[in-house]
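Student: Starting off with a structure, shown below.
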């Protein structure tokens, strides 16, 4: 995609906006949390931010206060 630079007006080739998505599978996030019992330690192991972990948990219906995982499907993961 070619856009015009807002500062100089020259055309600039852009491959996309922002950083690419991490797309860490939910099962790996849950397993890291169960192993470490800490969002900070799990994020450090997975190479992502704590905010990313909380976002994944919120999207999947995980209750952070009680620590309960949602059950969906045979193995408990989506």
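Each reported figure results from applying straightforward, stated rules to the coordinates on display, with no laboratory input. Predicted model only: the values in this text are computed from it and were never measured. All Cβ positions, glycine included, derive from the backbone under ideal geometry; neighbour counts span all protein chains shown.
Student: For labels at residue 45 and residue 10 in the simple 7 Å Cα→Cβ model, what's the distance in nm?
Tutor: Spacing of the two 7 Å Cα→Cβ label points: 4.7 nm.
Student: Give, in nm to one decimal, the length gained when the segment between residue 3 and residue 38 is fully stretched (0.36 nm per residue of separation minus the Cα-Cα distance).
Tutor: 8.3 nm
Student: In whole percent, what relative contact order does segment 1-57 give with Cα contacts below 8 Å and a gap of six or more residues?
Tutor: With pairs under 8 Å counted, the relative contact order is 20 percent.
Student: At 7 Å along the Cα-to-beta-carbon direction for both residue 58 and residue 24, put a label point, then send me their distance in nm to one decimal.
Tutor: Taking the two extended label points, one gets 1.7 nm.
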